[in-house]
Amino acid sequence: MSGYPPYKGQEASQVGAAYAMEESDWLFPTYRSNAMQIARDVPMSDVLLFRRGFPEYDSEHDVPNFPQAVPIATQIPHAAGVGMAMNYREEEDKAAVCYFGDGATSEGDFHEGLNFAGVFDAPVVFFCENNNWAISLPRGRQTAADSIAQRGEAYGMMGGQVDGNDPLAVREFVSSALESAREGSPVLVESLTYRQGAHTTSDDPSRYREEESDLPAWRTRDPLERYEEYLREQDVVTDEWIDTIYAEADEELDDAIDRAEAADPEDVADVFDHVYDELPAGLAEQKEFMRSFAGEHDVQELDH
Ligand SMILES: Cc1ncc(C[n+]2csc(CCOP(=O)(O)OP(=O)(O)O)c2C)c(N)n1
Ligand SMILES: [Mg+2]
């Protein structure tokens, strides 16, 4: 894979939000929201294959998930536009959840998307997963505003914060936000969580984040451990059940890795497709060059 963005610590936030959605609602994911996509029926092997350069979601699942956005915040105006389209088409039962990070809120697309959604009553929940980091930039340097949620007010929409390490709280909060969105009032949700791992597998957080900083406190609030403890206290799970779940998850993951590794490498010249209906002459030439270059060289070399 060219690199992988982990989401350890953000599982509850993502799965809680995904479970608040109806199957027919649209999800606008990013490279980070893989737990959300898996909860929305995207096979784990597809998530891994995407990182190997394969087009997304070839498998037969028809849950309305947009392709994941890698350019920061570009999905926000897309979600506003899809929400407006739902209004034009009088699809009153539908809504969209647009996922993005704290860093995305400093992009122009954030402001344009929320502004359109506010003016045109788009049925969209803007789900900002504030994991406290945008690569090496901490949340405190991202905005001088006290919260991200309060920025919703500037666009005439309700904004609210939720404990992103509590799956039940997130589910509850996003459910009511979706209800409001379906009635024509979009909502900005700020899910408070923490990126426990590196930004991606090519990042080294020890270069900008002290191990002793706020990490230990957030680790004690790890959503998986906390929820497991809660379920145990409620006496709704047994040790045996938990062991089975972990064993099944391991097996599922092994299978996904096997599938992802078994696929032949993609044609590197594919990067030229899917932008233009008809490739302009200059790009067609470059595509041919890329093909013959790849034929003469080890494809792996091109990864660098
Ligand atoms: C338009 C654009 N600018 C810069 C980048 C490089 N980049 C990749 S991830 C990232 C930080 C995003 O942080 P955040 O929105 O908080 O999302 P997170 O990675 O924490 O999920 C940046 C700047 C990009 N992908 N797209
Ligand atoms: Mg972030």
Residues of the stretch 3-56 that turn out to be more than 12 Å from ligand 1 (Cβ to nearest atom), of a type in the set (Ser, Thr, Tyr) and more than 22 Å from ASP255 (Cβ to Cβ), as a count: 2
Subset of the stretch 108-137 [within 13 Å of ligand 2 (Cβ to nearest atom), surrounded by fewer than 17 Cβ atoms within 10 Å (Cβ to Cβ) and in contact (Cβ under 8 Å) with a residue 40 or more places away in the chain]: ILE135, SER136
Helices (runs of 4 or more DSSP H) within the stretch 1-107 that include 1 or more residues surrounded by fewer than 17 Cβ atoms within 10 Å (Cβ to Cβ): 11-20, 75-88
The one condition in (1) at pLDDT below 95; (2) farther than 30 Å from MET290 by Cβ that GLU261 fails to fulfil: (2)
Matching residues in the stretch 12-42 - criterion: being in contact with a Lys or Arg (Cβ under 7 Å, 6 or more places away or on another chain) and polar (S, T, N, Q): SER24
VAL124 vs. criteria farther than 30 Å from TYR208 by Cα, within 17 Å of the chain's Cα centre (by Cα), away from ligand 1 (no atom under 16 Å from the Cβ) and not hydroxyl-bearing (Ser, Thr, Tyr): yes
The stretch 1-46, subset of a type in the set (Ser, Thr, Tyr) and touching a helix residue (DSSP H, G or I) at 6+ places or on another chain (Cβ under 8 Å), residue modelled with the lowest pLDDT: SER2
Subset tally (residues that are within 16 Å of ligand 2 (Cβ to nearest atom) and of a type in the set (A, V, I, L, M, F, W, C)) for the stretch 94-107: 3
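The values are calculated or read from the model by the stated rules, or taken from the named source; none is laboratory data. In this text, all values refer to a predicted model and were calculated from it rather than measured experimentally. Please note: Cβ atoms are built from the backbone with ideal geometry, for glycine as well, and neighbour counts cover all protein chains shown.
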